[in-house]
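The values are calculated or read from the model by the stated rules, or taken from the named source; none is laboratory data. The model shown is predicted, which means the values in this text are computed figures rather than measured ones. Note that we place each Cβ from the backbone using ideal geometry, even for glycine, and neighbour counts take in every protein chain shown. For accessibility, only protein heavy atoms count, side chains too; no ligands or nucleic acids. Shrake-Rupley method; radii C 1.70, N 1.55, O 1.52, S 1.80 Å.
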Amino acid sequence: MEILIVGVVLVALMVFVSTKIKKSAAQAFERETIDTEDFRITKPEGFISPINENSRFAFEAYTKDSGKNDAEEFRQAQARLMVITDSDFETVCENVKKSVGRVLSENFLENAAVNQKHCFIESEEIKNNVKIISFWKIIKSIQKQKIYELQVSVLENYREEFQDRINEMLESFAVK
């Protein structure tokens, strides 16, 4: 009888812990605003932002699922933000254009009100027979003397599914 009681308590404890873990995992994929002392960005629903203190990225987020068939090694969509202090704005923009297969569009904006320069690049490249579309938002903060390079990439087959969330991330990204 005592073994039965201990068993029931153990099963109830396992169910409780399992439910808490599932709830926490589901919350990790919910929409969230990341607000640091340097920048602000909205991580859309369906993306997870891992906490990795040794990462070379100031922000990183990606989808849970990978592509299908040839694209199994790639996430359906991902975002990475690098902070660059040892280069100039024009060089960073040129390096992005050189590193991609094909530039689809490019726009520059200088916002004197907040002492920033912005560069927007849309590119397309093929890796292992998989077409990847990338959106770049590069911001130079004249005041902070830093360049913030946000790259959001999506597998072409998932572009329509993720376009609204990608736009939300790009539009929300702001340097303080």
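So here's what we get for this one:
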| item | result |
| --- | --- |
| Filter result for the condition that a residue is without any contact (Cβ under 8 Å) to a residue 12 or more places away in the chain and not in a strand (DSSP E or B), over Gln163, Gln143 | Gln163 |
| Scope the stretch 140-174; condition under 24 Å from Glu37 (Cα atoms), open to solvent by less than 10 Å² (accessible area, probe 1.4 Å) and in contact with a helix residue (DSSP H, G or I) (Cβ under 9 Å, 6 or more places away or on another chain); matching residues | Ser141, Ile147, Leu150, Val152, Ile166 |
| Residue within the stretch 68-79 that is assigned to a strand (DSSP E or B), within 24 Å of Ser49 (Cα to Cα) and open to solvent by 80 Å² or more (accessible area, probe 1.4 Å) present | yes |
| Tally of residues being part of a strand (DSSP E or B) and exposed (fewer than 13 other Cβ atoms within 10 Å of the Cβ) across the stretch 112-126 | 1 |
